[in-house]
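The values are calculated or read from the model by the stated rules, or taken from the named source; none is laboratory data. All values derive from a computational prediction rather than experimental measurement. Here the Cβ positions follow ideal geometry from the backbone for every residue, glycine too, while neighbour counts run over all protein chains shown.
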Amino acid sequence: MSGPLLTRHTGDAFLGQDRTDLHAAAFQGQLMTMHGLILRGADVNKRTSDGVTPLHEACSRGFLYCAEMLVKHGADINACNIDGATPLCEACCHGNTEIVKLLLSKGAIPNPPLARTSPLHEAAFRGHTKCVEELIKAGSNLEASDLHYGTPLHAACNMGKTETIKVILKAGGNVNAIMNHTRPLHVAAGIKNPDLVDVLLEYGANVYALNNQSRTPRDLIHHTDNATRYIIDYEMANPRMLAELCRWRIRRLLGPQKLSQVIKLGLPKIIVNYVLFR
């Protein structure tokens, strides 16, 4: 397992005896070798004992032309390895946006049902913002929960990926999603990231929420940290405006799928921009 999430990624597993020449060529980006092997009848969907296909290999290494060739010759876009990870999971893990676009355009499932973690988790955890944007456009579940971190927002918060977090929140990600009583603001407070705390507060994070140790986000921050000041402002000195409360309520009622359609409702531009945090 090469990544910190729960999906087993290709790479270390390539040393197995059941790996074919096509697997090796895809991993090394040897396009002409791949072409010759396919013409001689190599199986583009041959799996190793771990369920890894040549397409998994090409996607994990970012070889777009190799992936295109495999897809052209019938590679299974949604093939799952032993952990349920698809080629899309591999591409997202390694931040290969062009391959992500290719796979999605050819029918890759953005929410593979058998994976221990989703492609969106993989991209969010590592801060691959462009991949996150493509996945959201394709309908990735912003509130899917993996077995370790929680939602994609939790995963991004764990690594302090502020720009990625903004993308998820703008698309309608739940800023108060719960994983074992832990919310994204608890995570941000725990890693002492004031900028991240500020962003979460702007999108309506609950400063009073308790984690499984009955601690609020402020309890997790050193009192001299700037993040503490931000939280205290929201707790005591700077109560939420009614307009902010209305915006958050509207966004939650609409949900991620309908939120992107607000622009088509014919509302005044100033209202649309406000609801969408523009």
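Quick notes on this one:
- Residue check, Val71 more than 20 Å from His128 (Cβ to Cβ) and surrounded by 24 or more Cβ atoms within 10 Å (Cβ to Cβ): no
- Number of residues in segment 245-255 that are of a type in the set (A, V, I, L, M, F, W, C) and modelled with pLDDT of 75 or more equals 4.
- So Glu90, is it assigned by TED's automatic domain parsing to the domain that holds Pro113, within 28 Å of Ala124 (Cβ to Cβ) and in contact with a Cys (Cβ under 6 Å, 6 or more places away or on another chain): yes
Conditions (1) aliphatic (A, V, I, L, M); (2) surrounded by 23 or more Cβ atoms within 10 Å (Cβ to Cβ), marked per residue:
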| position | (1), (2) |
| --- | --- |
| Arg126 | no, no |
| Cys131 | no, yes |
| Cys157 | no, yes |
| Leu210 | yes, no |
| Asp219 | no, no |
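- Criterion violated by Ala205 - all others in (1) of a type in the set (A, V, I, L, M); (2) in a loop (DSSP other than H, G, I, E, B); (3) within 24 Å of Lys130 (Cα to Cα) satisfied: (3)
- Residue within segment 222-244 that is modelled with pLDDT of 75 or more, assigned to a helix (DSSP H, G or I) and surrounded by 12 or more Cβ atoms within 10 Å (Cβ to Cβ) present: no
- Residues in segment 4-26 that are surrounded by 21 or more Cβ atoms within 10 Å (Cβ to Cβ) and at pLDDT 95 or above: 4 in all.
- Conditions (1) surrounded by 24 or more Cβ atoms within 10 Å (Cβ to Cβ); (2) closer than 25 Å to Gly255 by Cβ; (3) modelled with pLDDT of 95 or more; number of the one not met by Leu104: (1)
- Residue in segment 182-198 that is assigned to a loop (DSSP other than H, G, I, E, B) and within 15 Å of the chain's Cα centre (by Cα) present: no
- Of the set (1) surrounded by fewer than 21 Cβ atoms within 10 Å (Cβ to Cβ); (2) within 20 Å of Thr129 (Cβ to Cβ), all apply to His94 but (1).
- Evaluation of Thr117 against the conditions (1) surrounded by 24 or more Cβ atoms within 10 Å (Cβ to Cβ); (2) more than 17 Å from Glu57 (Cβ to Cβ); (3) at pLDDT 95 or above shows that the sole unmet condition is (3).
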